[in-house]
Amino acid sequence: MMHDEPIATPFSRYVFVYGTLRAGGSNDIRRFRPAPRYVASARIAGTLYHLGGYPGVVLGGEGRVQGEIWQVDPAVEAQLDVLEDVRPDGTGEYRRTSVAVEVDQSTFDCLVYEINPDRLRGNPVIASGDWMRAR
């Protein structure tokens with residue numbers, strides 16, 4: 001897949017997507033504008049839960065979650081916040097957090113949407129940590 005060279009600005013940031021926002025997912029991040037730039041495939045520490053038509057991650061622990069790193073514009077970040085139901089008081093479906101994600105010799109400070117633990121309600125764990133294989 002060919003990508004235009006990104007115009008790096010101090011306002012762009014990285015996001016780690018692990019579920020429906022992955023390339024080919026039902027909310028494929030490539031549909032957002034301005035167009036996000038693919039950076040790399042990666043894994044983070046966490047546990048992935050099956051919530052029906054989409055997953056949620058709880059960060060940390062021994063498990064590994066498969067996903068992708070994308071560089072996004074602030075306008076896309078704002079759209080993702082709406083999609084993921086992020087609320088300032090922390091009561092939304094997801095919470096924004098930052099995770100250092102290592103790829104080869106580089107570390108990316110990535111925004112990650114972590115499921116609000118109140119929303120898990122005993123949902124099953126996706127043992128593979130890969131939503132695209134589990135859906």
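Axis angle, to the nearest 10 degrees, between helix 74-83 and the longest C-alpha principal axis of the chain: 20 degrees. Using R0 = 35 Å, the C-beta based FRET efficiency linking residue 28 and residue 102 works out to 0.90. Site pair residue 118 and residue 35 shows an inter-label distance of 4.0 nm when each label is modelled 7 Å from Cα along Cα→Cβ.
Determine the per residue accessible area of the chain with all protein chains present and a 1.4 angstrom probe, expressed in square angstrom. Write down the numbers at each step before the final one.
On the way: 7380 Å² over 135 residues.
Result: 55 Å² per residue.
In the range 55-119, Cα pairs under 8 Å separated by at least six residues give a relative contact order of 32 percent. Computed from these coordinates, which is percent of Cα pairs over 21 Å apart: (i) 37; (ii) 47; (iii) 55? So the calculated entry is the one marked (i). Short-range pairs are left out: with C-alpha atoms under 8 Å and at least six residues apart, the relative contact order of the chain is 29 percent. Scanning residues 5 or more positions from residue 42 or on other chains, those with amide H under 5 Å from its amide H are 67, 68, 69, with H placed 1.01 Å from N in the peptide plane.
Give me the percent of the accessible area of the chain that comes from carbon and sulfur atoms, probe 1.4 Å, all protein chains in place.
Values: 3580 of 7380 Å².
Of all accessible area on the chain, carbon and sulfur atoms account for 49 percent.
The values are calculated or read from the model by the stated rules, or taken from the named source; none is laboratory data. Keep in mind that this is a model prediction, so the values were computed, not measured. FYI the Cβ positions are ideal-geometry reconstructions off the backbone, even for glycines, and counts take in every protein chain you see. Note: areas computed on protein heavy atoms with side chains; ligands, DNA, RNA excluded. Shrake-Rupley method; radii C 1.70, N 1.55, O 1.52, S 1.80 Å.
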